[in-house]
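Engineer: Handing you this structure, nothing more for now.
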Amino acid sequence: MKIGVVMPVGPVQGANPRPYAKLSRLARATEESDLDSIWVFDHLLYRFPDRPQAGPHEAWTILSALAAETSRVELGPLVLAMPFRNPALLAKMAATLQEVSGGRLILGVGAGWHEPEFEAFGYPFDHRVSRFEEGLTILTGLLRGDSVSLDGSYQQADDAILLPPPPSRIPLLMAGRRPRMMRLIARHADAFNCAWLGPIAGLEPRIAPLRAACEEVGRDFASIELTVGLNVTFPALLTGAASTDEPPAISLSGSAAHVADGLHDYIAAGVGHVMVSLTPPTPDAVHELSRAAALLRL
């Protein structure tokens, strides 16, 4: 099982996000460990009724910078909100990042969910799955190397093609919950993400709809890699400034050995890749996660 680290591109307790220099150090710590990947969230604004509004760094800019600063780890968005970017341009961006990264991109895409950021930045929130499906038609066609034309209700392309093409195939990771999205995942995805899962007991209820969708569209469920987003806390490292971070809902917490035991359950359940959001989000926590990964291999 691969283990990756989610970069903390968002705000802390309503404050500004961490400076890029800290994200860079965290990514380099992951690169220097025996961990496998780095990930970023894609949001424009957080606006909830009971919290101060706040905003993260823009995902693709951060991802591109980290691709240039690393050379080994895979990297990807978890996941890009397709409505924020023209799908043909997104395919072009992905092809270029695949070149910059030396073929390490995993392209995560979804339909988005946080309506206030759509409203604030002028993106339509209606018919999100229909818009996503048309955009996915353009995106996947271009990534396959096809010339794509589509005059859809929401998306258009006229003899679009990727030149130069990506240097290698870009795997597509998708996330969703409802039946229509599950059918799109069953048809198009290389990997499916359950985020944020929580205890291992929640895995089967999350993937059961995908099993059904695969049967409906004639796809072998086993051909889709299962991936999981987890919140992992190392309490011994929560000292000083690190302890001011608001703790998330915890999936795993404890020592490296305890976390390794918990991760083993995900391996046994057939999960191929976990994306870990660390508390505290520091290089020391990356090193502890790396110790947990090493214990899994013993």
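Every number here is computed from the coordinates shown, using simple stated rules; none is lab data. If you're wondering where the values come from, they're calculated on a predicted model, not measured in any experiment. Neighbour counts are summed over all protein chains in view; Cβ atoms, including those assigned to glycine, are modelled from backbone coordinates with ideal geometry.
Engineer: So who's got an amide H within less than 5 Å of the one on VAL9, skipping anything under 5 residues away but keeping other chains? H placed 1.01 Å off N, in plane.
Structural biologist: Under 5 Å from the amide H of VAL9 lie the amide H atoms of PHE41, each far enough along the sequence or on another chain.
Engineer: Calculate for the chain the 222 nm mean residue ellipticity that helices alone would give, adding -39,500 (n - 2.57) per DSSP H run of length 4 or more and normalising by residue count, nearest 500 deg cm²/dmol. Walk me through the numbers before you get to the answer.
Structural biologist: On the way: 9 runs with 113 residues, N = 298.
Rounded to the nearest 500, it is -12000 deg cm²/dmol.
Engineer: Among PRO280, PRO77, PRO49, which one shows the biggest mean-square fluctuation in a GNM of the chain, springs joining Cα atoms closer than 10 Å?
Structural biologist: Fluctuation is largest for PRO49.
Engineer: Who wins for biggest fluctuation among ASP284, ASP159, ASP261 in a Gaussian network model of the chain, springs between alpha carbons below 10 Å?
Structural biologist: The residue with the greatest mean-square fluctuation here is ASP159.
Engineer: OK, next. Can you give the angle from 0 to 90° between the axis of helix 203-217 and the longest principal axis of the chain, with both taken from C-alpha atoms, to the nearest 10?
Structural biologist: Between the helix axis and the principal axis of the chain, the angle is about 20 degrees.
Engineer: Oh, and also: Take the chain, connect every pair of alpha-carbon atoms lying under 10 Å apart with a spring to form a Gaussian network, then pick out the residue of ALA120, ALA54, ALA81 with the largest mean-square fluctuation.
Structural biologist: Comparing ALA120, ALA54, ALA81 in a Gaussian network model of the chain, the most mobile one is ALA120.
Engineer: When only C-alpha pairs under 8 Å and at least 6 residues apart count, what is the relative contact order of the chain, in percent? Let's see the in-between values first.
Structural biologist: Numbers: 583 pairs, mean separation 54.8, N = 298.
Once divided by the residue count of the chain, the mean separation gives 18 percent.
Engineer: For the range 191-200, in order, what is each residue's ³J(HN,Hα) by Karplus, 6.51 cos²θ - 1.76 cosθ + 1.60 with θ = phi - 60°, in whole Hz (x at glycine and Pro)?
Structural biologist: Coupling constants for the range 191-200: 9, 10, 10, 9, 9, 9, 6, x, x, 4 Hz.
Engineer: Now for a separate question. Name the long-range amide H neighbours of GLY108: under 5 Å, sequence gap of 5 or more, or other chain; modelled H, no Pro or chain starts.
Structural biologist: LEU80, LEU173
Engineer: Same structure, new question: So how tilted is helix 179-188 from the main axis of the chain? Cα-based, degrees 0 to 90, rounded to 10.
Structural biologist: The helix 179-188 is inclined about 80 degrees to the chain.
Engineer: Count the net charge of all other residues whose Cβ sits under 14 Å from the Cβ of ALA94, scoring Lys and Arg as +1 and Asp and Glu as -1.
Structural biologist: Values: positive: ARG85, LYS92, ARG104, ARG144, ARG169; negative: ASP42, GLU74, GLU99, ASP190.
That sum, taken over residues with Cβ under 14 Å, equals +1.
Engineer: Which whole-Hz ³J(HN,Hα) couplings does the range 116-125 yield from phi under the Karplus relation 6.51 cos²θ - 1.76 cosθ + 1.60, θ = phi - 60°, glycine and proline marked x?
Structural biologist: Rounded to whole hertz, the list is x, 6, 4, 4, 5, 9, x, 9, x, 9.
Engineer: Taking 0.36 nm per residue of sequence separation and subtracting the Cα-Cα distance, how much length would be gained by fully extending the chain between SER24 and ASP146, in nm to one decimal?
Structural biologist: Numbers: separation 122, 0.36 × 122 = 43.92 nm, distance 3.58 nm.
Gain on stretching SER24 to ASP146: 40.3 nm.
Engineer: Search the structure for amide H atoms under 5 Å from the amide H of LEU150, placed 1.01 Å from N in the peptide plane, and list their residues when 5 or more places away or on another chain.
Structural biologist: Residues meeting the amide H criterion: ALA157, ASP158, ASP159.
Engineer: What number do you get for the range 2-296 when its Cα radius of gyration is normalised by 2.2 N^0.38 Å, N = residues?
Structural biologist: Working: Rg = 18.8 Å, N = 295, 2.2 N^0.38 = 19.1 Å.
Dividing the Cα radius of gyration by 2.2 N^0.38 Å gives 0.98.
Engineer: If you put +1 on each Lys and Arg Cβ and -1 on each Asp and Glu Cβ, how big is the dipole of the range 2-296 around its Cα centre, in Debye rounded to 20?
Structural biologist: Details: 24 positive and 32 negative charges, 8 e Å.
Approximately 40 debye in magnitude.
Engineer: Quote the charge dipole size of the range 33-145 about the Cα centre in Debye, to the nearest 20; the model charges only the Cβ of Lys and Arg (+1) and of Asp and Glu (-1). Mind showing how you got there, number by number?
Structural biologist: Values: 9 positive and 14 negative charges, 47 e Å.
Here the size comes out at about 220 debye.
Engineer: Let me ask something else about it. For the chain, build the charge dipole from Cβ charges (+1 Lys, Arg; -1 Asp, Glu) around the Cα centre, then report which of PHE84, PHE192, VAL259 sits farthest towards its positive end.
Structural biologist: Projecting each Cα onto the dipole axis, the largest value belongs to VAL259.
Engineer: First select every other residue whose beta carbon is under 13 angstrom from the beta carbon of HIS273; then total the charges, Lys and Arg +1, Asp and Glu -1. Intermediate values should be presented prior to the final figure.
Structural biologist: Values: positive: LYS2; negative: ASP36, GLU74, ASP190, GLU225.
Summing Lys/Arg as +1 and Asp/Glu as -1 gives -3.
Engineer: Positive end of the dipole of the chain, charges at C-beta (+1 Lys, Arg; -1 Asp, Glu), about the Cα centre: which of TYR46, ASN231, HIS57 has its Cα farthest in that direction?
Structural biologist: Farthest along the dipole direction, towards plus: ASN231.
Engineer: Which angle from 0 to 90°, rounded to the nearest 10, does the C-alpha axis of helix 59-69 make with the longest principal axis of the chain?
Structural biologist: 70 degrees
Engineer: Next question. Within the chain, what percent of beta bridges assigned by DSSP are antiparallel, to the nearest 5?
Structural biologist: On the way: 5 of 38 bridges.
That works out to approximately 15 percent antiparallel.
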